[in-house]
Every structure is written in structure tokens, then in C-alpha cells.
Amino acid sequence: IAKAEDDQVLATGEALLAEERIARGHNGIRQWHRVIKNPLRDVEGRIIGIVGCSVDITQLKEALDALRESEQRFRSLAEDMPLMISTTLADGTILYANKAYCTCFGVRRDELLGRSFLEFLVEETSYQKSIGLVEKK
């Protein structure tokens, strides 16, 4: 891979960013790296080599993996909860709603997401009328 990348930089004269690459450290442990390669030019602008930098991003990758696992656990827990669970922005825009939330409002999830939860609330006067009818019975 490295030779092909070097050849590409030399041929095109353009920088290359290899987002993630697995390597073995001196201790044999797998490490993740972000590699950047740039053409090295002489004073006349001719390419005479390559300058590269490799940054160990192993901790970042491990943290992102742990975050994904945590999000999946939360999603599984929230999805199966018999209580209504949602996440919203400060303006009421729904970002997430579990099955119970969708069932309560009688809509599919894709009909909820991106809309304000206020759209799904019953008007106060209608609510009060409904309560009044129930109380009379």
C-alpha cells in the first residue's frame, strides 16, 4: 500500500491523506494510524521526494468504537422500554422516539423525526372537553 501511495504522490504532485491504516507497533500490538504524504520539491518546484507524517490514532479509534457500542446499548434499551422515550432539541424538534412513543401517537417513526413534539399534542381546549366528557360519565 505504501509504495502505491508514494507512486501516486510522485506522479500527481498532490498530497495524500490515508485516513486510517492498521500497523503493528514494535511490541506487536495493533495500532491505527492516519498517514499524510506530501511531495517534496526543490527550489525550482521539481518533485524530489516525499515528506510523510504518521499519527497514532489508536486511542481515538478505541474511543469511537466504545461510543458506538454505548449508543447501541442505549438504543436497544430505549427501544424495548414500555415507556415513551424521546430526545428533542430545545425548540421541540424530535431527534429520536422509541416504539412506545410512536405507538402512543399512532404514527411511524419517520413521521415524527424532524418535527416538533408540539404538533402531536392535543389542544388544551380539546383536552379539557375530553376530560369533561369522561368526568360526566
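What follows is calculated from the coordinates using simple rules that are stated; it is not laboratory data. This one's a predicted model, so the numbers in the text were calculated from it and none came from an experiment. Here the Cβ positions follow ideal geometry from the backbone for every residue, glycine too, while neighbour counts run over all protein chains shown.
Which of the trypsin sites (Lys or Arg not before Pro) found in the range 1-91 are in a DSSP loop and have at most 13 neighbouring Cβ atoms, other than their own, within 10 Å?
Here the trypsin sites (Lys or Arg not before Pro) that fit, given the DSSP loop and packing criteria, are R46.
Looking at the range 41-76, which GluC sites (Glu not before Pro) are in a loop (DSSP not H, G, I, E or B) and have at most 10 other Cβ atoms within 10 Å?
Within the range 41-76, the qualifying GluC sites (Glu not before Pro) (loop, at most 10 other Cβ atoms within 10 Å) are E44.
Just to compare against my own numbers: the Cα pair-distance distribution for the chain, 10 Å bins, whole % per bin, please.
10, 21, 17, 14, 15, 11, 6, 4, 1, 0
Counting alpha carbon pairs within less than 8 Å and at least 6 residues apart, what relative contact order, in whole percent, applies to the chain?
12
Using only Cα atoms, what Kirkwood radius does the range 1-78 have, in angstroms?
For the range 1-78, inverting the mean 1/r across all distinct Cα pairs yields 14.9 Å.
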